[in-house]
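Reading through the structure tokens given below for one structure.
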Amino acid sequence: MTLRRPYFEFRDLGLVDGPADPVWCSIVRLSAELTGVRFGKLTVFDRACDRIVVRAAHGFAAEDLGHFKDPPSFPLCRRIIAEQRLVGITETHEDPEMLKSPFIERYSVRSYLGAPILDPANTAIGTLCVFDDKPRLWSHRQREQIGEMAHLVDQSILLKASLATIRLLSRAQPSG
């Protein structure tokens, strides 16, 4: 599955590396609480290394995910990014793709709901997802909530890109 490339460098905006963004951490935590699940995570596709990077987590430490090697660990993240659509799975044990994931096995993930994170050009560059260790039927409202929370992340990325553009333009101005 080929993932579309974004038009700017994530590293310039701090989307891939560096400390966790406290706003993103809050969005992940609130997403899990809104949907009543134990776990949540926000991932970004690092195009330079063709890998998925966990940038915020709830219910476990993001650094605990370091031993999971993408792509087999995060197949749904890749699917959501490639298809640019929300994905909800009621029972992961009924999805053959999920049974191959070491992440799904390690955290006993049984249900999953994820939405794409979009850059300013509306290209999917990551995911906001929540999941639980019990099967669950995702309501229309829960799907809307995850989509709305993902949109908040989209807006924070737009803000980061806007600030980076302003800094770049201010450096390009002749002093005088």
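Coordinate-derived values only; no laboratory data. Just so it is clear, the model here is predicted, and its values are computed rather than measured. Heads up, the Cβs are rebuilt from the backbone with ideal geometry, glycines too, and the neighbour counts pull from every protein chain shown.
Odds and ends about this structure:
- Residue under evaluation CYS129, criteria (1) of a type outside the set (Phe, Trp, Tyr); (2) within 23 Å of PHE60 (Cβ to Cβ); (3) over 13 Å from the mean Cα position of the chain (by Cα), criterion not met: (3)
- Close contacts from the range 100-119, counting a first residue that is farther than 21 Å from GLN84 by Cα and a second that is crowded, with 24+ Cβ neighbours inside 10 Å and not β-branched (Val, Ile, Thr), with Cβ to Cβ under 6 Å and a gap of 6+ residues or different chains, come to VAL109/PHE131.
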